[in-house]
Amino acid sequence: MQDDDGHFYANCRKLDAKGKAQFFGAVKVAGRKHSFHFMPVYDFPELLVELSPALKKHMQGKSCFNFTSLDPAVLDELQGIVEQGASRYEAVGKL
């Protein structure tokens, strides 16, 4: 785990089959850009099926969201996805 100004990085509690940490998520701030990486949406793409167009425009790749401004409605939607993703990881024993 890393937690310092501009960068928070978290792994799952459970190690992978090779004994390495499994990535869970990260937030990085660089100037005006905020990046949020969230592995549960990569492992469970169905979490993104009902993604609103407003949040979808912030996606880059399969598990990254980039923001230059913060819209409360979009952040509420993202929070719901994070809660669902964390629950799914708990259900499969990663958290």
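The values are calculated or read from the model by the stated rules, or taken from the named source; none is laboratory data. Keep in mind that this is a model prediction, so the values were computed, not measured. For neighbour counting, all protein chains shown are included, and Cβ atoms are generated from backbone atoms with ideal geometry for every residue, glycine included.
When you scan the range 58-66, do you find a residue that is touching a Lys or Arg at 6+ places or on another chain (Cβ under 9 Å) and surrounded by 10 or more Cβ atoms within 10 Å (Cβ to Cβ), even just one?
Within the range 58-66, the subset touching a Lys or Arg at 6+ places or on another chain (Cβ under 9 Å) is 66.
Filter again for surrounded by 10 or more Cβ atoms within 10 Å (Cβ to Cβ), leaving 66.
There is at least one residue in the range 58-66 that is touching a Lys or Arg at 6+ places or on another chain (Cβ under 9 Å) and surrounded by 10 or more Cβ atoms within 10 Å (Cβ to Cβ).
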Here is a list: ALA21, ALA73, ALA26. Which entry is closer than 23 Å to ASP3 by Cβ and at pLDDT 95 or above?
ALA26
Assess whether ALA91 counts as being loosely packed, with under 14 Cβ neighbours inside 10 Å and touching a residue at least 12 places away in the same chain (Cβ under 8 Å).
no
Just to be sure I understand, how many residues within the range 11-21 are exposed (fewer than 14 other Cβ atoms within 10 Å of the Cβ) and either under 16 Å from GLY85 (Cβ atoms) or among the β-branched types (Val, Ile, Thr) (or both)?
2
